[in-house]
4 protein chains.
Amino acid sequence: MQAILDEIVATIGASDDRGKVADYIPELATVDPNQFGIAIATVDGQMFCAGDAEQLFSIQSISKVFSLTVALGKLGDGVWQRVGREPSGDPFNSIVQLEHENGKPRNPFINAGAIAVADAILMGHQPKEALAEVLQFVRFIADDDSICFDDKVAKSELATGHRNAALAHFMAAYGRIKNPVDYVLGTYFHHCAIAMSCQQLARAGLFLAADGRDPLTGARVVLPNRARRINSLMMMCGHYDGSGEFAFRVGLPGKSGVGGGILAIVPGRASIAVWSPGLDTVGNSKLGTQALERLVQATGWSVFG
Amino acid sequence: MQAILDEIVATIGASDDRGKVADYIPELATVDPNQFGIAIATVDGQMFCAGDAEQLFSIQSISKVFSLTVALGKLGDGVWQRVGREPSGDPFNSIVQLEHENGKPRNPFINAGAIAVADAILMGHQPKEALAEVLQFVRFIADDDSICFDDKVAKSELATGHRNAALAHFMAAYGRIKNPVDYVLGTYFHHCAIAMSCQQLARAGLFLAADGRDPLTGARVVLPNRARRINSLMMMCGHYDGSGEFAFRVGLPGKSGVGGGILAIVPGRASIAVWSPGLDTVGNSKLGTQALERLVQATGWSVFG
Amino acid sequence: MQAILDEIVATIGASDDRGKVADYIPELATVDPNQFGIAIATVDGQMFCAGDAEQLFSIQSISKVFSLTVALGKLGDGVWQRVGREPSGDPFNSIVQLEHENGKPRNPFINAGAIAVADAILMGHQPKEALAEVLQFVRFIADDDSICFDDKVAKSELATGHRNAALAHFMAAYGRIKNPVDYVLGTYFHHCAIAMSCQQLARAGLFLAADGRDPLTGARVVLPNRARRINSLMMMCGHYDGSGEFAFRVGLPGKSGVGGGILAIVPGRASIAVWSPGLDTVGNSKLGTQALERLVQATGWSVFG
Amino acid sequence: MQAILDEIVATIGASDDRGKVADYIPELATVDPNQFGIAIATVDGQMFCAGDAEQLFSIQSISKVFSLTVALGKLGDGVWQRVGREPSGDPFNSIVQLEHENGKPRNPFINAGAIAVADAILMGHQPKEALAEVLQFVRFIADDDSICFDDKVAKSELATGHRNAALAHFMAAYGRIKNPVDYVLGTYFHHCAIAMSCQQLARAGLFLAADGRDPLTGARVVLPNRARRINSLMMMCGHYDGSGEFAFRVGLPGKSGVGGGILAIVPGRASIAVWSPGLDTVGNSKLGTQALERLVQATGWSVFG
């Protein structure tokens, strides 16, 4: 395994064609595109790392997996009154679908859906409390209390996030956002600004590879059925309108973020985190996807056979 | 396994709430909604059946999996010049997406995509020849030369299929259909009118569960990588705008048809066919989906853990 | 003429089927639906009134004609860099069109377009200054310094206007709003909250019937060509996705507001204001439209022959 | 008047920037783009011509005005069960709007709408009879029995008209086309292939400028109210998604065709036909529009003041 990762870092990690770093969030635009890290946490307790696997990066939309898990913990299936669970066929920030479906987002991983999930978590709380809850959950599943928000990134998003503000106000117009729009956006932008390393992120995803239980601590995080369902959502909707392509090439449930990270789950085996800041045209890490494709070829880990 | 199937037939198969038989194809509207069959073919050569598992039904869109496989055999990755591989987020017969994407269908399993695949298979042939090729392939993978088209169903579709004619002409207007529209529609409607039983269908899908090789005859049907990719397309796009729901509830690659059949693949283990004519609101077999959900709960066969 | 108006008030004004008062702006929802007023100002200086023609009402979107005129005075044809001049074919508050056209509103009379116009007027000013300018202009063309904003209505809109906030943020995301979104919305909501009577409104529109000159004071308001063009925009886009219906039935350039008012222009002859709070299904005054249809039948004032 | 036309031919008619001749209908693609003609028929019986005003050209979509008039004569307001009367905001051949509105075209002047009108005319007849009726009507209003179809153009369209075939099948799928699709398309393509000169066309439109009566023969063609309504539809929908622009610049009801012709009506005064084969980006005659703009400036004939 370590040899495979080393080979991936040496070849793909050194590619010239690295994609384009997200520039619509000013703080992210400054990240050095030449970084590349990968980490694999296995259900039997091993951790393999290569490249910049300990470097912190902004997990951005990968946090939507964690906020969804928190929301499911609080509201159970009530979450599905607020967001659907179908792929959207549209870019991550499309508002067209929202108008056609009366303000109900297609799934929890497009921006509108994650904003609706943030609203669900907030219910009856201040943004600080909701955020503390999400952060506490991430620290719990990563078994690492050093994980924090990157305030600079959160503020950078708040200042420029007109499109997300439009989505939130639009849902509010349909009565689908119950808390003040400012609170909801603050919560959303902050949980997207959690900073983690590949190593921490792979560790945090392990419960999804192990039927909902943390295989190292033995702690039950979610029931097996819920872990399966979260995995199915990652497969179907985890890469926006590139989800089909990711399933076709990689064949694992995964969730990408515009910070260049991807979390992928191998049910029963492992949790993988990869990071390379450059993005492809639909907003997913270009080298990260290639690395996962190579890894799956080498390991036979595709869920599709 | 047999006990599980018997229990499913006794409970779900006897449900009162059976959905609505498709009525837009006159010949299908006459099918008795009270039928229910299920069959499982395992990669180690066993076959389990229950209910009306030997009753022939119209496989309809399930045939798209087979026509895609034939087209991939002829054109290889050239198929992807003609159709995409992303979920569409739209109903099976939507034309909106086609206009937004200049006549290129999102994936090979929506109607427009399967029509484009039929055009690809036709290239340089008469419809009869193309259809013979598809039928021969289905007989080969099912190891059963008795499988035939149901001409009455094919003609019933031809007479009423204005929407599919619209899709075909629309793609032709973008230069994406190379053969006469009549030929293409004839080919498409006929391969949708293949009649099979659950038992035959489960047998036919076995190569997708066994890395592309027929585990009983040992014949190589497709390379392992292609089998995986077909499975990924079934997962992402196999149930139209109910694909997310099917992944969430069942967690297997599957393809439904408006005849009420579903083919589901358990990579490395088995191929499952279920049939109940009544459909849910998005056009997938209502009891068939429930049966697969129950089966996966009982067997733990979800690919998601 | 007076007899025609009296007859309209007695018949149409007394109709039982009055439509539905707008309820999404709380302050408007409290208006008595049984009111009905009509006023005609002719270019030769006569004024005919009937019904509640002196009752103040919220002119709402009718103000978009005046804010557009102010913006054209400041930016000239630069306004058309910011908004188009085609009918939208969509409801007044649709966001779909905005996404398809990269944040540029189709015309200045849908909400998004009027918000973009408000942004254009603001440029370099505080909302108070911009609003003073619009109000001063309305007082000037109405020759009446008593005209004011209704602050309660403006605040009522601000508190509930999530959809307009969504439109504004959405355009800001495309770089099409240059001022703070709060300023722009404040300006927009306030100019929509101008309160006028039919008599004042008919008087205010007179310059559009008289080649851009106030025929009573002799003051040049806009050049003849600009008056014609504003009239053309009212004809094409003045009633949202009911513009075709209004042209078909009434045949005059007109602009409606959800307060139940309509301003209609008879080029070369007269300016007409009608008010009845109940709206039809696309948001235009139900009895107001009927009254104009009757008036045009009686006078032969249609521009279409 | 003659001097104005001569000046227009000498300046605009000689422009280098002539737009692009329609190339999707092969027969039209061969037309010499350097031709330019204009003709004005006044209600008091004068005819002014300049340039290639006697040259025959394919009137294409201008024929939709005449087929609508025939359909209104046969079905009266029943026509509005089949097509709406709102501008579409979409290109002339869009299918998106049809799906959103269950197969009912927005107005009779987009292609789908004119196809629905052709279906309405056909009812109970062979295409030959329906076409004879339309041609007879055009000869009647033009007072000229020499007017004919250009069969080569009609066949050229039939062979390549996949998009219109898609629209027709799509409406048939919603039950909105009652006759065989082939019949409907044949009727539609043929009436679009009527060949007329500017002089004939201006003469033919005269009844719309004269309250529905032919001012030269005294024959009543339609009632005054119907003439007004047809004019309103030409204003709102006569130039596809360039209708707003045409109203803004020209200010007359008008209908364009991809053959490069435009018919414009000055209610109470005149009927104008202009022809220049090169089209602008939305499919309307480039120099034809400029010529009308100049003419209206010179004559003050805008309906907007």
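The values are calculated or read from the model by the stated rules, or taken from the named source; none is laboratory data. Everything numeric in this text was worked out from a predicted model, so none of it was measured. Backbone-built Cβ (ideal geometry, glycine too); neighbour counts: all protein chains shown. All accessible areas refer to the heavy atoms of the entire protein, side chains included, with ligands and DNA or RNA removed. Shrake-Rupley method; radii C 1.70, N 1.55, O 1.52, S 1.80 Å.
Quick rundown of the values:
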quantity: Accessible-area value, D:Asp90, 1.4 Å probe, nucleic acids and ligands omitted, Å²; calculated: 40 Å²
quantity: Simple label model, 7 Å out from Cα along Cβ direction - B:Asp77 to C:Ser146, nm; calculated: 7.8 nm
quantity: Selected from C:Val181, C:Val134, C:Val274 as most flexible by GNM, with chain C as the system and alpha-carbon contacts under 10 Å; calculated: C:Val181
quantity: Cα centre as origin, Lys/Arg/Asp/Glu Cβ charges: segment D:75-124 dipole, Debye; calculated: 80 debye
quantity: Principal-axis tilt of helix A:127-142 within chain A, Cα atoms, nearest 10 degrees; calculated: 20 degrees
quantity: Minimum Cβ-to-axis distance in chain B for the rotation onto chain C, with residue, whole Å; calculated: B:His100, 4
quantity: Interchain or long-range residues, amide H under 5 Å from D:Ala219's placed H; calculated: D:Asp214
quantity: Computed [θ] at 222 nm, helices only, for chain A once each DSSP H run of length n ≥ 4 contributes -39500 (n - 2.57); calculated: -13500 deg cm²/dmol
quantity: Net dipole in debye of segment D:61-192 [+1 Lys, Arg Cβ; -1 Asp, Glu Cβ; about Cα centre; nearest 20]; calculated: 280 debye
quantity: B:Met47/A:Asn102 FRET efficiency (R0 45 Å; Cβ-Cβ; nearest 0.05); calculated: 0.45
quantity: Candidates A:Met47, A:Met234, A:Met196: whichever shows maximal mean-square fluctuation once chain A is modelled as a Gaussian network with Cα springs under 10 Å; calculated: A:Met47
quantity: With all protein chains modelled, accessible area of A:Tyr174 [1.4 Å, Å²]; calculated: 70 Å²
quantity: Copy-to-copy label separations for D:Ser146, where each label sits 7 Å from Cα toward Cβ, in nm and ascending; calculated: 6.8, 7.5, 9.4
quantity: Solvent-accessible area buried by pairing B with A, both sides, nearest 100 square angstrom, 1.4 angstrom probe; calculated: 2700 Å²
quantity: ³J(HN,Hα), Karplus 6.51/-1.76/1.60, whole Hz, each residue of segment C:75-87, x for Gly, Pro; calculated: 10, x, 5, x, 4, 6, 6, 9, 9, x, 9, 10, x
quantity: Among the listed pairs B:Lys74/D:Lys155; A:Lys74/A:Lys255; C:Lys64/D:Lys286, those beyond 25 Å (Cα-Cα); calculated: B:Lys74/D:Lys155; C:Lys64/D:Lys286
quantity: Residue-by-residue Karplus 3J(HN,Hα) for segment B:234-244, coefficients 6.51, -1.76, 1.60, Hz, glycine and proline x; calculated: 5, 4, 7, 10, x, 10, 6, 7, x, 5, x
quantity: Whole-Å semi-axes of the protein assembly as shown's equivalent ellipsoid (Cα gyration tensor); calculated: 57, 39, 26
quantity: Backbone N under 11 Å from the C:Gln297 label point (7 Å along Cα→Cβ), restricted to segment C:224-262; calculated: none
quantity: Accessible-area ranking of B:Lys74, B:Lys178, largest first, probe 1.4 Å; calculated: B:Lys178, B:Lys74
quantity: Between segment D:266-294 and segment C:53-131, the alpha-carbon center distance in angstrom; calculated: 29 Å
quantity: Label spacing, shortest first and in nm, from D:Gln297 to its equivalents in the remaining copies (7 angstrom along Cα→Cβ); calculated: 4.1, 6.5, 7.6
quantity: Average accessible surface area per residue within chain A, 1.4 Å rolling probe, Å²; calculated: 33 Å²
quantity: Calculated label separations, C:Gly124, copies of the chain, 7 Å along the beta-carbon direction, nm; calculated: 5.4, 6.9, 6.9
quantity: Taking N as its residue count, the alpha carbon Rg of chain C over 2.2 N^0.38 Å; calculated: 0.91
quantity: Solvent-accessible ranking of B:Glu245, B:Glu99, B:Glu54, largest area first, probe 1.4 Å; calculated: B:Glu54, B:Glu245, B:Glu99
quantity: Tilt relative to chain A, helix A:181-192 - C-alpha long axis, 0 to 90 degrees, to 10; calculated: 10 degrees
quantity: Carbon + sulfur, % of accessible area of segment A:61-194 - ligands and nucleic acids excluded, 1.4 Å; calculated: 49 percent
quantity: Positions from segment B:159-178 whose accessible area shrinks by 30 Å² or more when the full protein complex is built, not the chain alone, probe 1.4 Å; calculated: B:His162, B:Arg163, B:Ala166, B:His169, B:Phe170, B:Ala173
quantity: Segment B:144-159 - phi-based ³J(HN,Hα) in whole Hz, Karplus 6.51/-1.76/1.60, Gly and Pro as x; calculated: 7, 7, 7, 5, 9, 6, 9, 4, 4, 5, 4, 5, 4, 6, 4, 6
quantity: Angstrom value of the Kirkwood radius, inverse mean 1/r, which spans all Cα pairs in segment B:132-210; calculated: 13.9 Å
quantity: Total charge dipole magnitude, chain A, about the Cα centre, Cβ charges on Lys, Arg, Asp, Glu only, Debye to nearest 20; calculated: 900 debye
quantity: Segment A:61-194: equivalent-ellipsoid semi-axes (sqrt of 5 x gyration tensor eigenvalues, Cα, Å); calculated: 22, 16, 14
quantity: Cβ-derived FRET efficiency at R0 30 Å, B:Asp23 paired with D:Gln126, nearest 0.05; calculated: 0.40
quantity: Cleavage-rule hits, trypsin sites (Lys or Arg not before Pro), segment D:238-270, DSSP coil, Cβ neighbours within 10 Å at most 15; calculated: none
quantity: Measure of compaction for segment D:147-305 (Cα Rg per 2.2 N^0.38 Å); calculated: 1.12
quantity: Helix axis angle, A:2-11 relative to chain A longest principal axis, alpha carbon, degrees; calculated: 80 degrees
quantity: Solvent-accessible area of D:Ser58 with every protein chain in place, 1.4 Å probe, in Å² to the nearest 10; calculated: 10 Å²
